[in-house]
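The values are calculated or read from the model by the stated rules, or taken from the named source; none is laboratory data. Bear in mind the structure is a predicted one, so any value in this text is a computation, not a measurement. We place every Cβ from the backbone using ideal geometry, glycine too, and count neighbours over all the protein chains shown.
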Amino acid sequence: GVTTESYGGFASADCTVRSDIDGIKRSIEEIHGSVEVFDDKVRSLLSWQSDSGPQMRLLRVDALLNCSVLTTVQKMQVSPKMSDVVKSILSSGDTLGSLTSHQVLADYWNSDAESSVDTLFRQGAFVDLSWSDFRKASYAVLTYGWATITWSDIISVLKEARMGVEYVWIDIFCLGQNATDKMDVIERSPAIYGGAKEYHVFGKVV
């Protein structure tokens, strides 16, 4: 079975995903009348179930929960790369917390190897898998609002959640933000979510 948890202190979000290929095809038929009209889309959906696909990455749960950079509470800094909305939130007062995902994107997904996302975690925190092996893995998916929730908040709750898997898929850490096949991975989101053993939902996803 699949476990879904929405946490107190955060507004719950709907995380319902249809991952079975027959269900997806039925949805297309319901909306568009015929799958034949959308052969290219159907072939793409079917490819999610095939053994071929992009290289995937999962993060070890213990590495996430014990990441000192993410759990250290500090004054959040405004980065020039942040959106105007995030800048206005952080500039409005003495906001405390750890990094948001917008900050991770701005500060750790760049060409400087010394500040890459890999440096956030201990060595061996990530496991790289073929698409075929990824589909067989036991992992959780974490869904959250990039701009509204800090990682110290998320991790403090997850430490009490007794997660039953060793690995977790989190887009900001596991999806190569600069990768040439980024959209190929994003298009497989129904299969990524549908294959998860647990969902952990924080706040309103915006």
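Just one of the listed residues (SER98, SER92, SER111, SER88) is of a type in the set (S, T, N, Q), at pLDDT below 85 and under 20 Å from ASN66 (Cβ atoms), and it is SER98.
Those strands (runs of 3 or more DSSP E) of the range 118-206 in which 2 or more residues are at pLDDT below 90 and buried (at least 16 other Cβ atoms within 10 Å of the Cβ) occupy 139-144, 198-202.
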